[in-house]
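Take this structure first; my questions come after.
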Amino acid sequence: MGGNHVEWQRYTFFCSYCGNRLLGYKNAKGLIKIECERCHSVSIRKHIGRRHNQIDVYAPLDLLKK
């Protein structure tokens, strides 16, 4: 149909806390937001340039309370 074709691309990386493999998809803003199933930390990955990715990792609330 029109020019609204969206191609989904998988992105994989590893959790910084437990090493679990994470799988996510890019949203309309270009961010990849994933919550780890094992430790519940949240990782937000943003592609900035050809060799530059920004990854923000937020600790799970259980670890912050201890």
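The values are calculated or read from the model by the stated rules, or taken from the named source; none is laboratory data. Quantities reported herein were computed from a predicted structural model and do not represent experimental measurements. Ideal geometry is used to build each Cβ from the backbone, glycine not excepted, and the neighbour counts take in all protein chains shown.
Can you find a residue in segment 42-58 that is in contact with a Phe, Trp or Tyr (Cβ under 7 Å, 6 or more places away or on another chain), assigned to a loop (DSSP other than H, G, I, E, B), at negative phi and free of Cβ contacts under 8 Å to residues at least 40 places away in the same chain?
no
Here's the yes/no breakdown for (1) loosely packed, with under 11 Cβ neighbours inside 10 Å; (2) over 8 Å from the mean Cα position of the chain (by Cα); (3) at pLDDT 90 or above:
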| residue | (1), (2), (3) |
| --- | --- |
| Met1 | yes, yes, no |
| Tyr17 | no, yes, no |
| Asn27 | yes, yes, no |
| Ile34 | no, no, yes |
| Arg38 | no, yes, yes |
| Ile55 | no, no, yes |
| Ala59 | no, yes, no |
| Leu64 | yes, yes, no |
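Let me ask something additional. May I ask you to list pairs of residues, at least six apart or on different chains, whose Cβ atoms are under 8 Å apart, with the first in segment 14-32 being among the hydroxyl-bearing types (Ser, Thr, Tyr) and part of a loop (DSSP other than H, G, I, E, B) and the second being loosely packed, with under 12 Cβ neighbours inside 10 Å and at pLDDT below 90?
Taking only residues 6 or more apart or on different chains, the pairs are Tyr17/Leu63.
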